[in-house]
Amino acid sequence: MANKLHKTRELSRMGMLVAIGIVFGDIGTSPLYVMNTILRANPAFDTNYIIGAVSCIFWTLTLQTTVKYVMVALRADNKGEGGILALYTLIRKRGKRWFYVLAIIGASTLIADGVITPAITVTSAVEGLHGLSPDIPIVPIVVTVISAVFFIQRFGTGSIGRYFGPFMLLWFLMSGGIGLAHTVHSPVILKALNPYYAVLLLTDNPHWFLVLGAVFLCTTGAEALYSDLGHCGRKNITASWMLVKLMLVLNYMGQGAYIISHSTVFSAPVNPFYAVMPQWMLLFGVVMATGAAIIASQALISGCFTIFSEAVHLDFWPLLRFKYPSADKGQIYIPVINSLLYVLCVVTVLMFQTSAHMEAAYGLAITMTMLITTFMLATYLAQRRTPRWAVAIFLLVYLTLEGLFFAANLTKIVHGGWYTLLLAVGFGTIMLIWNRARAIRRSYLHFVDLKPYYDVISAIKADETIPKYATNIVYVRQSNREEMVEDKLIYSIINKQPKRADHYWLVHFQNVDTPDMLDYTCHALIPDTLFAINIRIGFRVSPLMNLYLRQIVEDMINEQQFDIRSGYPSLRQRNIPGDFRFIVIHRIYYPSTVVKSLDNLLLNLFAIIRHIGVGDEQALGLDTSSVTVETVPLIVNTRYRQRIVRRKG
């Protein structure tokens, strides 16, 4: 499977076809609504307005998508993975402490964009049915399609994913072909290749702010393109983008040419994407657009799953249960996130009803993500010793360009932009609280040297007056150092019902930035009694404690370093394997504990937010029948205690 994934990342026809099917779904369905939005920004349009708008689209795709993301951002990869959180992991070691705030804002706005993109894309596609009959109910069809998209996530897309590439290739060829036919009949639109007309539009048109907000929608999928780097590889994305961009530009030009040649009869409420199609082709076009919208939605949903898996790895989100529904390496399914995104998408459709209303809410959040990506990319380039003048030019160009887009999209706040901002603020607030509360909780952990307790642990093992707890007891260790453990762990073994066992296993999961990393070290601290295991695990790998420990034990048996037989004589004589008992220590914060007021607030909010996720034992994939969860106080109060006095007489 690793070889198969490697082949899709190396430059090849198959890799390019996969990239076309996975990476460009969002940006590839933008023609469904971009020109329509531009027309609504200025219903009294003329030829120069259309040429200028198409010119803005062409140069936005060139500067924003091609140069910034395809040529620059795709090179800023974390062991083959892309996206704003992957970029953050590259720069955080040498960056400022507050970089995590930027990463959280960028991730939360990208998730908010991931909520509204499926809604607007599917709605825009299905609205093409109005060309057949204006009485066809759109919202029920859209909700049905979105429900189906989210429902199939639990089964994975391995069985149908192989068709995504050919379908999207046909989609792009169809879009470009239709656009080319109209461009040939009205070649005046070719003036749009000259940036002069874009500048002219922005300087002479009083509606230029609204136009910029509409034009920006053509490049909203660029951030998703960067996030999908790990699926296909830089070379395949770069090569396939040449074809995709050509088809997109041809379609936009074709729409512009059609509007110019039919300006006397064209009605702005008519979507120009469907208007350029012959009537006999309309139903086929709607089916193709709906299929492309479904594939784009699938890509956005998978991208959100990846963002949340990275967020858990970076301590930005509560622990989640991950599932891998297909044999495709790296394909993640997160049930609770799938349900959350589904509800939010349906709410979006029911709230806004039409794609025209959704367009007003679309774009504002993603401009914030792009601005943050620009700043982080500049930091990355500086860390890579790129000449300062080159970094300065990069910052100047893209902060100016995206700053204009951001300012233009601010006009959308009262018309629906508040919705995506509200979603982003909600996700971002949870991430910030969780991250800071986790740091506070770690600061209250007390670690002790394990060496002074070796004799006590050996004595407990030999003390037959203590009932045997299990043949093997497994603890999750918080410390990176093998000889250091939390005092609560020692308390659990020695003081809290002394636990006699033949073997004690102290397992530590070390999260690393390499996505698919999975290796371990194992050392016997007390021969044949106490073992310390360190497992390095990437964010694309699920921490399956049961599975990995079994594999480690198998390695030790093969190397004759461990005897798996039960410690009970009657079972050992019959070569029956020993049992394993897992103990998870849950640290509870009590509000009566004396801490700083801000810490108290964050820790109380942490206790509420943790219910979004799952417990440690579920996140570790442990069988609940062999797990004991021990609750201990996070902080033991030592201040302001009243001393009880013994009464005389």
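The values are calculated or read from the model by the stated rules, or taken from the named source; none is laboratory data. Since the structure is predicted, the reported quantities are computational estimates derived from the model, not experimental observations. Cβ: placed from backbone, ideal geometry, glycine included. Neighbour counts: every protein chain shown. What goes into the accessible areas is simple: the full protein's heavy atoms, side chains included, and nothing from ligands, DNA or RNA. Shrake-Rupley method; radii C 1.70, N 1.55, O 1.52, S 1.80 Å.
How high is the FRET efficiency between residue 239 and residue 455 when r is their beta carbon distance and R₀ equals 45 Å, given to the nearest 0.05?
0.10
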What are the extents of the Cα atoms of region 267-394 along their three principal axes, in Å, largest first? 57, 44, 31
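Suppose R0 equals 22 Å. What FRET efficiency, 1/(1 + (r/R0)^6) with r the Cβ-Cβ distance, do residue 190 and residue 63 give to the nearest 0.05?
Approximately 0.70, to the nearest 0.05.
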Shape parameters for region 307-460, alpha-carbon atoms, Rg then Dmax in Å: 22.6, 74
Distance from region 47-85 to region 538-559 (C-alpha centre basis), Å: 43 Å
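Rounded, prolate or oblate: pick one for region 519-615, where a ≥ b ≥ c are the square roots of the eigenvalues of its C-alpha gyration tensor, a/c under 1.5 means rounded, and failing that, prolate if a/b is larger than b/c, else oblate.
On the way: a/c = 2.80, a/b = 2.23, b/c = 1.26.
Taking the square roots of the gyration eigenvalues as a ≥ b ≥ c, region 519-615 is prolate.
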From a point 7 Å beyond the Cα of residue 444 in the direction of its Cβ, which residues of region 469-493 have a backbone N at a distance under 19 Å? 478-479, 486-492
Output the peptides 68-77, 133-142 sorted from most to least packed, where packing is the average of other Cβ atoms within 10 Å over each peptide's residues. 68-77, 133-142
Around residue 525, which amide H atoms from residues at least 5 apart in sequence, or from another chain, sit under 5 Å from its own amide H, with H modelled in the peptide plane? 530, 531, 532
So, in nm, how far is label residue 246 from label residue 14 when the simple model puts each one 7 Å beyond its Cα toward the Cβ? 2.4 nm
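Suppose every K and R has +1 on its Cβ and every D and E has -1 on its Cβ; what is the size of the dipole of the chain about the Cα centre, in Debye to the nearest 20?
Working: 55 positive and 39 negative charges, 394 e Å.
It comes to approximately 1900 debye.
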Filter 323/412; 412/596; 451/496 down to the pairs with a C-alpha to C-alpha distance above 31 Å, please. 323/412; 412/596
Of the labelled options (i) 40.0; (ii) 48.5; (iii) 36.8, which one gives mean projected area of the Cα convex hull in nm² as computed for this structure? (iii)
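State the volume of the convex hull built on the alpha-carbon positions of region 353-441, expressed per residue in Å³ and rounded to an integer.
Details: hull volume 10.2 nm³, N = 89.
So the per-residue hull volume is 115 Å³.
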Using a cut-off of 17 Å between alpha-carbon atoms, which aspartates and glutamates can reach residue 79, once sequence neighbours fewer than 8 places away in the same chain are excluded? 10, 228, 310, 513, 516, 519
Collect residues whose amide H, placed 1.01 Å from N in the peptide plane, falls under 5 Å from the amide H of residue 584; neighbours closer than 5 in sequence don't count. 628, 629, 630
When a/c reaches 1.5 or more, the comparison of a/b and b/c decides; with that in mind, is region 315-390 rounded, prolate or oblate per its Cα gyration tensor? oblate
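For the chain, what is the accessible area per residue in Å², given a 1.4 Å probe and the full set of protein chains? Each step should come with its number before you reach the end.
Details: 28430 Å² over 649 residues.
Averaged over the residues of the chain, the accessible area is 44 Å².
Is it possible to state the helix-based mean residue ellipticity at 222 nm for the chain, with each DSSP H run of 4+ residues giving -39500 (n - 2.57), the sum divided by total residues, to the nearest 500 deg cm²/dmol? What is it? Please report the intermediate quantities before stating the final value.
Values: 28 runs with 359 residues, N = 649.
After summing the helix terms and dividing by the residues of the chain, the value is -17500 deg cm²/dmol.
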Taking H placed 1.01 Å from N in the peptide plane, check which residues at least 5 places from residue 317 or on another chain put their amide H under 5 Å from its amide H. 312
Which of the aspartates and glutamates could a cross-linker bridge to residue 461, judged by Cα under 15 Å and excluding same-chain residues fewer than eight apart? 502, 528
Between residue 144 and residue 598, the two model label points (7 Å from Cα along the beta-carbon direction) sit apart by a distance in nm of 5.4 nm
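Which FRET efficiency, nearest 0.05, do residue 495 and residue 386 yield, Cβ-Cβ r, R0 60 Å? Mind showing how you got there, number by number?
Values: r = 57 Å, r/R0 = 0.94.
Plugging the Cβ-Cβ distance into 1/(1 + (r/R0)^6) gives 0.60.
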Packing-based order for 458-467, 493-502, using average beta carbon neighbours within 10 Å, highest first: 493-502, 458-467
I need to check one value: relative contact order of the chain, counting alpha carbon pairs closer than 8 Å and at least 6 residues apart, in percent. 19 percent
Distance between modelled label sites at residue 628 and residue 418, nm, 7 Å Cα→Cβ extension: 5.5 nm
Per the rule of 0.36 nm per residue minus the C-alpha distance, extending residue 339 to residue 647 adds in nm 104.8 nm
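Percent of accessible area on the chain owned by carbon and sulfur, 1.4 Å probe? Intermediate results must be reported in sequence, preceding the final value.
Working: 17490 of 28430 Å².
About 62 percent, which is the carbon plus sulfur part of the accessible surface.
Which order do peptides 485-491, 15-21 fall in by mean Cβ count within 10 Å, highest first?
Numbers: 485-491: 18.9, 15-21: 25.0.
So the peptides 485-491, 15-21, ranked by packing, come out 15-21, 485-491.
When a/c reaches 1.5 or more, the comparison of a/b and b/c decides; with that in mind, is region 192-238 rounded, prolate or oblate per its Cα gyration tensor?
Numbers: a/c = 6.29, a/b = 2.39, b/c = 2.63.
The shape class here is oblate.
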